[in-house]
Amino acid sequence: MSAKGNTVAAMVLFCVGSTGAFSAPQESDSGRSTSKLSGDAKLGFIFSKTESTSMSVNSGATLKYDEAQRKQQLSFATYYSHQSDDDGTNKYRIIYDIKHSVTDDMFWFSNAKYEHDQFATYRHQALIVAGLGKTLIDDETSKLEMGSGPGFRYSKRQSYDKTRPNESQDDVIANAFVNGNTQLTAAMNVGGGLRVDYGDSNTTTTANAFLKNKLAEKLALVLDTEYIYNSQVAAGKSHDEIYSTLSLNYAF
């Protein structure tokens, strides 16, 4: 396998294989389980705008493990709206996050992401970042945090790219983010965030927002939207991507 192939394999294995870090439930001295494992699964409709506008089905799942000072999250999402051989939306994404509290309002973080896209400029993108963050607001109803740090990104273009077919790029990147949410009522929660991954070959800016309305103890209706801007794209491709979903979420 080539060096670049090894790079992708290592990052994907980190992203998927790190699920082993979701520790088995531990028991306290009294013998009771102290595990805080939770998650949710969703299924719904997606409105996407890339090279064209379309509507179809999306799905996803999230697994969380919370300890006293460390939080972990593994998430998987699919976006599918096939229209032609080189258009529409057909992608999936895997993200693994770790957050470790240092003080009441400071934490270090690390996350790995792998994304496969059938039609966009980059067929494969894999990155890993780590850094330091700060919690700005954390009360009974609202939370706001931000962070930044260095990272590494591997990307590979489509084989049918008109100017750079199959071109792969390795980048040292700088990452920065801000995330927040607030509980409007007992049943309704809103939030959003902004993330920037800066690199010489491409800078990706991602903004997202969501509204979650609890319908039952474990069932919620979620409306969310995500805007992605890539500074460098293939000839004829749009810099902008928009994904809006309406989903039913089941918590477990």
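Would you be able to say whether some residue in the stretch 83-95 is modelled with pLDDT under 95 and of a type in the set (Phe, Trp, Tyr)? Checking the stretch 83-95: at least one residue is modelled with pLDDT under 95 and of a type in the set (Phe, Trp, Tyr).
Does ASN181 satisfy the condition of being of a type in the set (S, T, N, Q) and assigned to a strand (DSSP E or B)? Judged against the criteria, ASN181 is a match. Of the residues making up the stretch 227-238, none is at pLDDT 95 or above, polar (S, T, N, Q), surrounded by fewer than 16 Cβ atoms within 10 Å (Cβ to Cβ) and assigned to a strand (DSSP E or B). Being over 11 Å from LEU248 (Cα atoms) and open to solvent by 50 Å² or more (accessible area, probe 1.4 Å) is the filter here; which residues of the stretch 197-215 pass it? If the condition is that a residue be over 11 Å from LEU248 (Cα atoms) and open to solvent by 50 Å² or more (accessible area, probe 1.4 Å), then TYR198, ASP200, ASN208, PHE210, LEU211 are the ones that fit.
Set side by side, the residues LEU136, LEU127, LEU144 differ, and just one is in contact with a Lys or Arg (Cβ under 7 Å, 6 or more places away or on another chain) and assigned to a strand (DSSP E or B), which is LEU127. Taking first residues from the stretch 210-231 that are within 26 Å of ARG195 (Cα to Cα) and partners that are in a loop (DSSP other than H, G, I, E, B) and open to solvent by 50 Å² or more (accessible area, probe 1.4 Å), the Cβ contacts under 6 Å between residues at least 6 apart in sequence or on separate chains come to LEU221/LEU215; TYR229/HIS239; ASN230/HIS239.
Only one entry of THR135, THR62 meets the criterion of being under 25 Å from MET188 (Cβ atoms), free of Cβ contacts under 8 Å to residues at least 24 places away in the same chain and among the hydroxyl-bearing types (Ser, Thr, Tyr), and that entry is THR62. Within the stretch 158-198, the set of residues being more than 28 Å from ASN213 (Cα to Cα), touching a residue at least 40 places away in the same chain (Cβ under 8 Å) and of a type in the set (Ser, Thr, Tyr) comprises TYR160, THR163, SER168. Of the residues making up the stretch 162-180, none is among the small types (Gly, Ala, Ser), crowded, with 18+ Cβ neighbours inside 10 Å and under 20 Å from the mean Cα position of the chain (by Cα).
The values are calculated or read from the model by the stated rules, or taken from the named source; none is laboratory data. Values in this document were obtained by computation on a predicted structure and should not be read as measured data. Every residue, glycine as well, gets a Cβ built from its backbone with ideal geometry; the counts of neighbours run over all protein chains shown. When the accessible area is computed, the model is the full protein with side chains, heavy atoms only, and any ligands, DNA or RNA have been set aside. Shrake-Rupley method; radii C 1.70, N 1.55, O 1.52, S 1.80 Å.
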